[in-house]
Amino acid sequence: MQHVGSYYAATANAHEPWPELQESVQCDVCIIGGGFTGLSSALFLTEAGYDVVLLEAAKIGFGASGRNGGQVVNSYSRDVDVIEQRYGKDVAKMLGNMMFEGAEIIRDRIDRYAIACDYRPGGIFAALNQRQMGHLRSQKANWERYGNHNLELLDERAIRREVATDRYVGGLLDKRGGHLHPLNLALGEAEAIRRHGGRIYEQSAALEVKYGEPHRVKTAKGEVTATFVIFAGNAYLPSQLEPRLSRKSMPCGSQILTTEPLSRDQALGLLPNNHCVEDCNYLLDYFRLTADNRLLYGGGVVYGAREPDDIEALIRPKLLRTFPQLKEVKFSHRWSGNFLLTLSRMPQFGQIEKNAFFMQGDSGHGVTCTHLSGRLIAEVLRGQAERFDAFAKLPHLPFPGGRRFKVPLTAMGAVWYALRDRLGV
């Protein structure tokens, strides 16, 4: 399998390919999945001296890591006030102290390994009504409690200086957020793993895991014998490989399109300071400029990860509601990608068998959470499990109705939240 026909695949940095596994190999750690979760884990572990083998079923960054909106968004899909309300102050303090760490890891990786991925600082949360603006004021106060003082509330006049639309009543600028080319970040991290001696195999899907001491991971043409196994496939992990991981999560699709290149004046006329933007709706829209002055615009959720028939028909009306001045624009790329949703909207970390771990379900905040999870699993293998366990102890809730009904029931819930979005309540 090759990368989908996305803007990112069309503008990916040149790199040496990785081979298919065609033999039996041994290592300390076998990682299943070549997206950000697997890459971050492999890089932290190879930096620490572990012998790592990473298996990717298709191409590095094939899944959500190479298809997402490219926004570096801090925190989790549930913010720290909700975490405190649900799980208590001690849990909130532990997780709150980590909620800006993923973005810092990304910036460190870019600098340390000179990864060319078009990183630009600054992300805006845009409010469509006063209720959402109230949430952003609370978010600012919560984030400042945990050390992020690079935040600026934007009133209606200020946000119109940032975004050339009259849709928003205000917003919150996070100067510790940003945006980038996610596939090039993934490819750069893979090169760093190779530099540290890690072995990456593409077109090498894990077909069976036989747990034991050691574990054995079988592919179509080879086998990996490892002391530790890490499941890092997220929405692209086959449910039959480890059914216990699919029962409490659900793949969901999001759609993106990019315009043809705009002139520099046109592009900066839309987003003068080149910040990325996401609105505060439950079913949110997100957009940003690319390095070659295209507008990249995404939104919507397809529950169960079905491929929509016409991505442009879904996204173009959303784009034009925000930027009606682009009614004559043409589009160059359209694609969809899957992320993994949990019922709690919190990541699911844990140990499924002795020396076999998993990290999944970032619920739309995967760019940053995956980089944090890589550091945490490296800490676990070195005997420092406290921070990993803060996530692992969170309840992993099943979707109502089990696997058969979780898609329609979740979609019904989304209709309710979409109605709330429209009514502003």
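The values are calculated or read from the model by the stated rules, or taken from the named source; none is laboratory data. Nothing here was measured: the structure is a model prediction, and the numbers come from that model. For neighbour counting, all protein chains shown are included, and Cβ atoms are generated from backbone atoms with ideal geometry for every residue, glycine included. With ligands, DNA and RNA removed, areas are computed over all heavy atoms of the protein, side chains included. Shrake-Rupley method; radii C 1.70, N 1.55, O 1.52, S 1.80 Å.
If R0 is taken as 45 Å, the Cβ-Cβ distance between residue 85 and residue 264 corresponds to a FRET efficiency of 0.50. Only one residue of 281, 376, 34 has its Cα farthest out toward the positive end of the dipole of the chain, where Lys and Arg carry +1 and Asp and Glu -1 on Cβ, and that residue is 281.
Positive contributions from Lys and Arg (+1) and negative ones from Asp and Glu (-1), summed over other residues with Cβ under 13 Å from the Cβ of residue 339, come out at +1.
Taking the Cβ of residue 115 as the center, what net charge do the other residues with Cβ under 11 Å away carry, scoring Lys and Arg +1 and Asp and Glu -1? Present the calculation step by step, with values, prior to reporting the outcome.
Values: positive: 107, 109, 112; negative: 108, 111, 118, 189, 191.
Computed value for this residue: -2.
In this structure region 1-148 gives 39 Å² per residue of accessible area when probed at 1.4 Å with all protein chains present. Each residue of region 1-160 gets 177 Å³ once the volume of the Cα convex hull is shared out per residue. Under the rule of at least 5 residues apart or a separate chain, name every residue whose amide H is placed under 5 Å from the amide H of residue 359. Under 5 Å from the amide H of residue 359: 231. Computed in the context of the full set of protein chains, the accessible area of the chain at 1.4 Å probe radius has 49% of its extent on carbon or sulfur.
Axis angle, to the nearest 10 degrees, between helix 182-195 and the longest C-alpha principal axis of the chain: 30 degrees. Extension gain, residue 107 to residue 158: 0.36 nm times the residue separation minus the Cα-Cα distance gives 15.6 nm. In a solvent-free Debye calculation with one equal scatterer on each Cα, what is log10 I(q)/I(0) for region 268-409 at q = 0.11 Å⁻¹, listed in the order of the q values? The Cα Debye sum returns log10 ratios of -0.59. Sorted into 10 angstrom bins from 0, the C-alpha pair distances of region 77-198 split as 12, 33, 30, 20, 4, 0 percent.
Placing dummy labels 7 Å off each Cα toward the beta-carbon, the span from residue 211 to residue 196 is 2.7 nm.
Taking label points 7 Å from Cα along the Cα-to-Cβ direction, residue 292 and residue 313 give a separation of 2.9 nm.
Of the peptides 357-366, 164-173, how do they stack up when ordered by the mean number of other Cβ atoms within 10 Å, highest first?
On the way: 357-366: 25.6, 164-173: 19.7.
Per-residue mean Cβ counts within 10 Å order the peptides as 357-366, 164-173.
Evaluated with a Cβ-only charge set (Lys, Arg +1; Asp, Glu -1), the chain carries a dipole of roughly 1020 debye about its Cα centre, given to the nearest 20.
Just for the chain, what percent of DSSP beta bridges are antiparallel, to the closest 5?
Close to 70 percent.
Calculated over region 11-76, the projected area of the Cα convex hull averaged across directions stands at 6.1 nm². When the inverse distances between all different Cα atoms of the chain are averaged and flipped, the Kirkwood radius reads 21.8 angstrom. If the convex hull of the alpha-carbon atoms of region 284-334 is projected onto planes in all directions, what is the mean projected area in square nanometres? Averaged projected area of region 284-334's Cα convex hull equals 4.0 nm². Which FRET efficiency value, to the nearest 0.05, is calculated for residue 332 and residue 135 with the Förster distance at 25 angstrom and r the Cβ-Cβ distance? So the FRET efficiency works out to roughly 0.10. Taking a point 7 Å from the Cα of residue 282 along the Cα-to-Cβ direction, none of the residues of region 378-398 has its backbone N closer than 15 Å to it.
Which length gain, in nm to one decimal place, applies between residue 97 and residue 47 when the Cα-Cα distance is subtracted from 0.36 nm times their residue separation? Let's see the in-between values first.
Details: separation 50, 0.36 × 50 = 18.00 nm, distance 2.37 nm.
Extra length from residue 97 to residue 47 when fully extended: 15.6 nm.
For residue 285, nonlocal amide neighbours, meaning residues 5 or more places apart or on other chains whose placed amide H falls under 5 Å from its own, are 279.
Each part gets one Cα centre, and for region 89-115 versus region 258-331 those centres are 27 Å apart.
Note the full-extension length gain between residue 382 and residue 166 as 0.36 nm times their separation in residues minus their Cα-Cα distance, in nm to one decimal.
72.6 nm
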